[in-house]
Amino acid sequence: CAPAIGRNLLIHLRGLVRSSHSMADRSFHFAIDRGGTFTDVYAQHHQGHDTVKLLSVDPANYPDAPREGIRRILEKVTGTPHPRSQALDTSRIASIRMGTTVATNALLERNGERFVLCITQGFKDLLHIGTQARPDIFDLSVKCPSVLYEDVVEVEERAVLVQAGESKENTVVGVTGERVRVVVPLNRDKLKADLTKVYESGVRSIAVVLVHSYTFRDHEVVVGEIAKEIGFTQVSLSSALIPMIKVIPRGFTACADAYLTPHVHRYLQTFCSGFDEGLKNVDLLFMQSDGGLTPMDSFNGFRAILSGPAGGVVGQAMTTFNKKTKQPVIAFDMG
């Protein structure tokens, strides 16, 4: 049986850490796997390397596990006290790499952000209906998966693709080169009134999914602008996140982002709040679902869903799979 995926994330990140350029006074490079139960912290520094394993959630002893792991290692290696009550000194830290299951667990436990779906009028139930794909086509008791959004705002607008042979008059060319005709202009006044009611109910996040926005983005952009003017703090436009044909998967992605991004950002704020101002000079990157690393400002909900497991897969491939023998490898995440 292969090593646990969490450990492989550290192995993968360790390689990335070693490739970083260290500065004279910044000899500490940290690679962290923040799981649902345990957090593993690996540090490479001028004296060698150290590891720490601790509970991911232990509010009686520390507010944030990754930061606590960094604090303990700095204190051990430098011999200098780093009190929990003070902002953590970042002057010796060159880089921090982290993979996390924060978004994964929020999705599984259904404790993400309240949000509303904004979709083209007439398509209110589209994401609830989905693709009608059934794992067992003969199962008589089909259970529809629950939706993430709290309510739906139908946006009075409609854009259609111009078919071959149709007149090109009063059309625009979309980003894909396809011609689009707006048959129902966006009703800004109605939209603003509807979104204001949503805002007054306490919701601060929306997902915007308009038909054919993969090529004609204008209406989604306007919806986003109006929402931000009202005061919404999270606006997930499907055309900005994943501009692909097929409105259902594009809609699912926008919903996941609106649901998870505020949750992820709150965690990042908690993590960063305990460091001093020098954190901005630290090379801080987070692992995405595709196995790549991204700066904190670009780390959002839908890209973070498989942050932890992705690191394990990459680590497994890099450390266990033999390219010469091509012996198949099976990895287990013993979470």
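The values are calculated or read from the model by the stated rules, or taken from the named source; none is laboratory data. The structure displayed is predicted, hence computed values, not measured ones. With ideal geometry, Cβ positions are generated from the backbone for all residues, glycine too; neighbour counts draw on all protein chains shown. Calculation scope for accessible area: heavy atoms of the full protein, side chains included, ligands and nucleic acids excluded. Shrake-Rupley method; radii C 1.70, N 1.55, O 1.52, S 1.80 Å.
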Only one of (1) of a type in the set (A, V, I, L, M); (2) touching a helix residue (DSSP H, G or I) at 6+ places or on another chain (Cβ under 9 Å); (3) surrounded by fewer than 20 Cβ atoms within 10 Å (Cβ to Cβ); (4) in a loop (DSSP other than H, G, I, E, B) is not met by VAL211, so which one is it? (3)
In the set GLN316, GLN288, GLN327, the lone residue that is of a type in the set (S, T, N, Q) and under 27 Å from THR90 (Cα atoms) is GLN288
Do any residues in the stretch 298-311 that are touching a residue at least 12 places away in the same chain (Cβ under 8 Å) and in a helix (DSSP H, G or I) have Cβ atoms under 7 Å from those of residues that are surrounded by fewer than 23 Cβ atoms within 10 Å (Cβ to Cβ) and among the acidic types (Asp, Glu), where the two are at least six apart or on different chains, and which pairs are they? PRO309/ASP333; ALA310/ASP290
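Inspect the stretch 116-130 for any residue being among the charged types (D, E, K, R) and over 30 Å from VAL222 (Cα atoms) and give the result as yes or no.
Restricting attention to the stretch 116-130, the residues satisfying the condition of being among the charged types (D, E, K, R) are 124-125.
Right, trim to over 30 Å from VAL222 (Cα atoms) and you get none.
Taking every residue of the stretch 116-130 in turn, none turns out to be among the charged types (D, E, K, R) and over 30 Å from VAL222 (Cα atoms).
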Quick one: what pairs do we get from the stretch 106-121, first residue of a type in the set (Ser, Thr, Tyr), second open to solvent by 40 Å² or more (accessible area, probe 1.4 Å) and in a strand (DSSP E or B), C-beta under 8 Å, 6+ apart or different chains? THR120/GLU154; THR120/ARG158
In the stretch 230-244, residues that are open to solvent by 20 Å² or more (accessible area, probe 1.4 Å), closer than 11 Å to PRO262 by Cβ and assigned to a loop (DSSP other than H, G, I, E, B) total 1
Contact list please: Cβ distance under 7 Å, first residue in the stretch 69-92 and in contact (Cβ under 8 Å) with a residue 24 or more places away in the chain and open to solvent by 50 Å² or more (accessible area, probe 1.4 Å), second residue of a type in the set (Gly, Ala, Ser) and in a helix (DSSP H, G or I), pairs at least six apart or on different chains. SER91/GLY278
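Kindly check whether there is at least one residue in the stretch 313-324 that is β-branched (Val, Ile, Thr), in a loop (DSSP other than H, G, I, E, B) and crowded, with 19+ Cβ neighbours inside 10 Å. Even if it seems obvious, please write down each step before you answer.
First, pick out the residues of the stretch 313-324 that are β-branched (Val, Ile, Thr): 313-314, 319-320.
Still in the list and also in a loop (DSSP other than H, G, I, E, B): 320.
Those still in the list that are crowded, with 19+ Cβ neighbours inside 10 Å too: none.
Looking for residues that are β-branched (Val, Ile, Thr), in a loop (DSSP other than H, G, I, E, B) and crowded, with 19+ Cβ neighbours inside 10 Å, one finds none in the stretch 313-324, hence no.
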Considering residues of the stretch 27-68 that are in contact with an Asp or Glu (Cβ under 9 Å, 6 or more places away or on another chain) and charged (D, E, K, R) only, the residue most open to solvent (accessible area, probe 1.4 Å): LYS53
